[in-house]
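Here the structure comes first, spelled out in structure tokens, and everything after it is commentary.
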Amino acid sequence: MLTTLPIVALGAALLALMILIAPGWLMLTLIRVRGLLALALAPACSTAVLACGAILAQLVGLRWSVLVAAGSMIAALAVALVVRRLTSAGPSSPSASRADGLLLGVGVLLAAVPTLAAMPSLDAYLQRWDAVFHLAALRLIDETGSASTLTLGALSYGDGHASIYPAGWHAIGSLLPGSPTAALAIGATVTAALPWVLGCGVLAAELTRLTARPLLGSGVVGVAGVLAGLVTASPMSLWTGWGHVPNAAALAMLPAALALGLRLLREPSGRPAGVIALLVTVLGIGLAHPNGALAVAVLALPACIGACVRAVRAPARAGRLPELVMPALATSAIVGLLLVFLLSPLAAAVTGYTSGEVETPATAALEAMAGWYRLWPSMAGVVVALLAIVGAVIAAIQRRRLPVLMLLVAWALYVDAATGGSLKISSLWYTSAARLSVVVSAVAVPLAAGALVAAGTRLRGRFGTSATSAAAAVLVLAVTVASLNGRLERTGNVFEAEPGNPPQFVTTEEIEMISGLPPVLDGVILGSPFSGASSAYGLVGTPVVFPVAGQVWSSDQRLVMEHLDQIESGQIDAEVCEAVERLGIRYLYQDTEPYQADVRYELLDSIEPAGAVPIAEGDSAVVLKLLPCRDSGP
């Protein structure tokens, strides 16, 4: 069985942190974006740098590697130096005390540690459909040397032709050492936890504009960081619960991008550098997963429209036109982005999904407002959601409409997805309530932090700083304990590899069998992508006909699948035999307990090929060596 040594895992984690932070932070610092804002934006900017570097490497014929990634970083810094000469100042950053920094660190630990602690090991196999795809994508990058967004989509086509697929996260994950499962776990955890917590902190400062520090010497930035780590409708839950690794990374970068966009709308100074930083940030999010960039656009739209209205209504005076240009351009860009995506071929691959569980509008609205989201409901989610409503009410009383509008937009998207997408406004997010619950949390966490800080300020005046901070610590501890058992149990369940815990792609014994396959094979394995056959490709590189589920069949694949009865009878005609040989099929992988039933593949697990000989077995799975089709024909 594949294992990763602890020192290798530690090195991979440190490398992931460096890759995620260093390129973006250095580039942002050069263009005078500094402080906590630069740190929160750095992951998205680093993703943009590395994803673009991977595309250029593929176009000029270079294999993707750490050295090529370093070259991409150097090139990005050179461009940043040019931008620095053309700009004079960057946007200001939210102020943060040492206590804020400490609580942000606590938030990152609260987000990451429960998941890591619940995993049997860093090499544990995530029993989720999307996780199989992303493991296969890392394997394909290793084989082809290309981590380009222009080519990674080849995995979804049986003929292997190059196709577009957002590869920003995979360009990062493919650079990490260790086993494929460890690289996935470490890369997913770092990209889902760190940007999310930092981003929620800076967005809380932007949405609430609170400066008081009544709780443990911290203000809204640190409080938001802790809440971001506690809430379960988060990017961490998205990648562990559903295997949506790149989507989790993209949505983790959402709050920081929103914070920068809102700051640029109300702060004219530093706009040239800030706009460049925002464009790179959104590019990085989009190259990780497009619906992350779309979430930025949709949530920022009320602020852009509001800024346009204020500029138009302002008394006529010199200088009013420049005040209108920025929000007008931003509004046009957002609408244009949404239209381009809706009209592009990529949209069809997303909007065709339907919600698996459909709720009534009333139930869905209650879920959204009460925090009992489709994505791992918990007491922490309820507390944050209710506090967010309080925060929105406070904003409304202060005549600040934007926080309220952003929360309403997020709720509307969630409700549409949870009710089956009847309004179609959630279709760009796969009509997925799970994904959109993270979008709701991106707004709810900052507002909840604002409500807590406002309450803390009032309580400090009445009961003193020590008593107020102690009460806040008790509240956080109680919510943590109440939610921890559920998080640990559910995370452990999706990584469970012992038999009898469906749905499962592979079991422990099956993984051990797969690990021993490469030395004994001299051909390609035919097997259902819902069996361990697809996992064999991602784990050890065993060549298989269907490495992922949902693949578009080639003509040879279709011909073989339509004539499985010939393989079973041993009477294979010449045309089918030629297709078998072109595909290189020599083996059949069967599993009596596949991950899920699929009528297109179910015969693969039940046929009994004439003359087949078992060469490996593991729990409910067996690998059969088939007779050469030339020897079995009529």
If a residue has to be in a loop (DSSP other than H, G, I, E, B), of a type in the set (A, V, I, L, M, F, W, C) and within 28 Å of GLU206 (Cβ to Cβ) to count, how many in region 96-120 make the cut?
1
Given the condition among the aliphatic types (A, V, I, L, M), over 30 Å from VAL540 (Cα atoms), within 17 Å of the chain's Cα centre (by Cα) and in the same structural domain as ALA40 (by TED's automatic domain parsing), answer yes or no: does some residue in region 199-217 qualify?
no
Residues in region 389-431 that are free of Cβ contacts under 8 Å to residues at least 12 places away in the same chain and among the small types (Gly, Ala, Ser) total 2
Inside region 537-634, counting only helices (runs of 4 or more DSSP H) that do not spill past its ends, which hold 3 or more residues that are in contact (Cβ under 8 Å) with a residue 12 or more places away in the chain and more than 30 Å from LEU138 (Cβ to Cβ)?
564-569, 574-583, 629-632
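Quick one: would you say LEU86 is surrounded by 22 or more Cβ atoms within 10 Å (Cβ to Cβ), in the same structural domain as SER441 (by TED's automatic domain parsing) and farther than 17 Å from MET18 by Cα? It would help to see each step written out before you state the result.
On the way: surrounded by 22 or more Cβ atoms within 10 Å (Cβ to Cβ): no; in the same structural domain as SER441 (by TED's automatic domain parsing): yes; farther than 17 Å from MET18 by Cα: yes.
No; evaluated as a whole, the condition is false for this residue.
Just to verify a result, which residue in region 429-458, among those that are part of a helix (DSSP H, G or I) and polar (S, T, N, Q), is surrounded by the fewest Cβ atoms within 10 Å (Cβ to Cβ)? Steps first, answer last, please.
Of region 429-458, the ones part of a helix (DSSP H, G or I) are 429, 433-458.
Imposing the further condition that a residue be polar (S, T, N, Q) reduces the set to 437, 441, 457.
On the way: SER437: 33, SER441: 32, THR457: 16.
Of everything passing the filter in region 429-458, THR457 is surrounded by the fewest Cβ atoms within 10 Å (Cβ to Cβ).
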Which numbered condition LEU484 fails, given (1) hydrophobic (A, V, I, L, M, F, W, C); (2) closer than 18 Å to TRP376 by Cα; (3) surrounded by fewer than 16 Cβ atoms within 10 Å (Cβ to Cβ)
(3)
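Results for (1) within 24 Å of the chain's Cα centre (by Cα); (2) buried (at least 24 other Cβ atoms within 10 Å of the Cβ); (3) of a type in the set (Ser, Thr, Tyr); (4) modelled with pLDDT of 95 or more, shown as yes or no for each residue.
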site: SER378; (1), (2), (3), (4): yes, yes, yes, no
site: VAL384; (1), (2), (3), (4): yes, yes, no, no
site: VAL390; (1), (2), (3), (4): no, no, no, yes
site: GLN398; (1), (2), (3), (4): no, no, no, no
site: LEU413; (1), (2), (3), (4): yes, yes, no, yes
site: SER427; (1), (2), (3), (4): yes, no, yes, no
Exactly one condition in (1) surrounded by 17 or more Cβ atoms within 10 Å (Cβ to Cβ); (2) part of a helix (DSSP H, G or I) is false for LEU526; which is it?
(2)
Of the residues that sit in region 584-611 and are in contact with a Gly (Cβ under 9 Å, 6 or more places away or on another chain) and more than 22 Å from GLN127 (Cβ to Cβ), which one is surrounded by the fewest Cβ atoms within 10 Å (Cβ to Cβ)?
GLY611
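What number of residues in region 14-54 are in a helix (DSSP H, G or I) and surrounded by fewer than 21 Cβ atoms within 10 Å (Cβ to Cβ)? Steps first, answer last, please.
Of the residues in region 14-54, the ones in a helix (DSSP H, G or I) are 14-30, 35-54.
Adding the requirement that they be surrounded by fewer than 21 Cβ atoms within 10 Å (Cβ to Cβ) leaves 14-15, 17-18, 21-22, 25-26, 29-30, 35.
Number of matching residues: 11.
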Cβ contacts < 6 Å: first residue assigned by TED's automatic domain parsing to the domain that holds VAL282, restricted to region 165-193; second residue of a type in the set (D, E, K, R) and not in a helix (DSSP H, G or I), any location; separation 6+ or different chain. Result?
SER179/ASP123; THR181/ASP123; ALA182/ASP123
Sort out which residues of region 506-530 are at pLDDT below 95 and among the polar types (S, T, N, Q), and write them in order of number.
THR507, THR508, SER515
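For the subset of region 354-388 comprising residues that are among the β-branched types (Val, Ile, Thr) and touching a residue at least 60 places away in the same chain (Cβ under 8 Å), which member is farthest from ALA455 (Cα to Cα)? Can you show your working first?
Kept after step one, since they are among the β-branched types (Val, Ile, Thr), are these residues of region 354-388: 354, 358, 360, 363, 382-384.
Then drop every residue that is not touching a residue at least 60 places away in the same chain (Cβ under 8 Å), which leaves 354, 358, 383-384.
On the way: THR354: 41, VAL358: 37, VAL383: 14, VAL384: 14 Å.
Among those residues, the one meeting the criterion is THR354.
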Which pairs turn up if I take residues in region 1-24 that are of a type in the set (Gly, Ala, Ser) and look for partners that are not in a helix (DSSP H, G or I) with beta carbon separation below 7 Å, at least 6 apart in sequence or on another chain?
ALA9/LEU122; ALA9/GLY178; GLY11/PRO177; ALA12/LEU176; ALA12/PRO177; ALA12/GLY178; ALA16/LEU176
Could we say that ALA154 is crowded, with 24+ Cβ neighbours inside 10 Å, outside any loop (DSSP other than H, G, I, E, B) and among the aliphatic types (A, V, I, L, M) here?
no
Looking at (1) part of a helix (DSSP H, G or I); (2) surrounded by fewer than 23 Cβ atoms within 10 Å (Cβ to Cβ); (3) in contact with a helix residue (DSSP H, G or I) (Cβ under 9 Å, 6 or more places away or on another chain); (4) not basic (Lys, Arg), which one does SER93 not meet, given that it meets all the others?
(1)
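Determine whether region 493-516 contains at least one residue that is acidic (Asp, Glu), in contact (Cβ under 8 Å) with a residue 12 or more places away in the chain and buried (at least 22 other Cβ atoms within 10 Å of the Cβ). Reasoning before the result, please.
Kept after step one, since they are acidic (Asp, Glu), are these residues of region 493-516: 496, 498, 509-510, 512.
Subsequent filtering for residues that are in contact (Cβ under 8 Å) with a residue 12 or more places away in the chain retains 496, 509-510, 512.
Adding the requirement that they be buried (at least 22 other Cβ atoms within 10 Å of the Cβ) leaves 510.
Yes, region 493-516 has at least one match.
The values are calculated or read from the model by the stated rules, or taken from the named source; none is laboratory data. Values in this document were obtained by computation on a predicted structure and should not be read as measured data. Note that we place each Cβ from the backbone using ideal geometry, even for glycine, and neighbour counts take in every protein chain shown.
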